[in-house]
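Working notes, beginning with the structure itself.
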C-alpha cells in the first residue's frame with residue numbers, strides 16, 4: 001500500500017507545502033506526483049493531502065491529519081523492521097561476493 | 001539482493017530437485033528461472049544451486065550449503081520483520097478505506 005516513494009513524497013509535501021515542488025525535488029513530473037497522491041487519497045479512509053487555494057502566495061498543499069499519521073506509522077514501521085532484521089541482514093550480507101576482489 | 005520470488009524459487013528447487021520444474025510450479029519460463037539462479041550464483045560468494053548430471057533420472061539441481069543458508073536467513077528475516085512491524089501494519093491498515101462500503 002505504501003512504499004518509500006510515496007512516503008518521501010508526503011514528507012516533502014509536508015516540508016515545502018507544494019505537490020509540484022515536492023515532486024520536483026524528487027525528479028518526478030507533476031503528473032506522476034499527482035497520481036501518487038490521488039492513489040493514496042483513494043486508498044485511505046480520508047485524503048492524505050489537501051490543496052489550499054488563494055492567499056498571497058497562491059495555492060499550495062498540506063498534509064492532512066491522516067497524511068501525517070500514515071507517514072509517521074510508515075517511518076515507525078521502517079525503523080522497527082530494520083532493527084528487528086539487522087542480524088539476518090548482516091548474516092545475508094556476509095554471504096555476498098566481495099566485489100573488491 | 002533477495003526477494004520473495006528468488007526465495008520461493010530456491011525453496012521449490014530444494015523440494016523438487018529441478019530448476020525447470022520449480023520454475024514451472026511458479027508459472028515462470030525456464031529461461032527466467034535460470035536467469036534468477038545465475039543472478040544469485042553471481043551475487044553470493046558461492047553458488048546457491050548446483051546442477052547434477054546423469055543418473056537414472058537424468059540431470060537435476062540441488063541447493064548448495066550457501067543456497068540453503070541464504071534461504072534460511074531470508075525466511076528468518078521475513079519472520080522477524082513481520083513480527084516487529086505487526087503493530088504498525090495493523091495501525092496503517094486501520095486507515096485504509098473500507099472497500100466493502
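Couple of notes before you dig in:
- Selection status of residue A:60, surrounded by fewer than 20 Cβ atoms within 10 Å (Cβ to Cβ) and on the phi > 0 side of the Ramachandran plot: no
- Among the candidates A:43, A:28, the residue that is over 30 Å from residue B:45 (Cα atoms) and in contact with a strand residue (DSSP E or B) (Cβ under 8 Å, 6 or more places away or on another chain) is uniquely A:43.
- All of A:1, A:26, A:40 fail the test of being under 12 Å from the mean Cα position of the chain (by Cα) and modelled with pLDDT under 95, apart from A:1.
- Residue B:90 closer than 30 Å to residue A:76 by Cα and more than 10 Å from every other protein chain (Cβ to nearest Cβ): no
- Among the residues making up the stretch A:27-49, those that are surrounded by 15 or more Cβ atoms within 10 Å (Cβ to Cβ) and not in a helix (DSSP H, G or I) are A:28, A:44, A:47, A:48, A:49.
- Count - residues of the stretch A:1-21 that are in contact with a helix residue (DSSP H, G or I) (Cβ under 7 Å, 6 or more places away or on another chain) and free of Cβ contacts under 8 Å to residues at least 24 places away in the same chain: 3
- Of all residues making up the stretch B:61-82, the number that are closer than 21 Å to residue A:76 by Cα and facing chain A (nearest Cβ under 7 Å): 4
The values are calculated or read from the model by the stated rules, or taken from the named source; none is laboratory data. Nothing here was measured: the structure is a model prediction, and the numbers come from that model. FYI the Cβ positions are ideal-geometry reconstructions off the backbone, even for glycines, and counts take in every protein chain you see.
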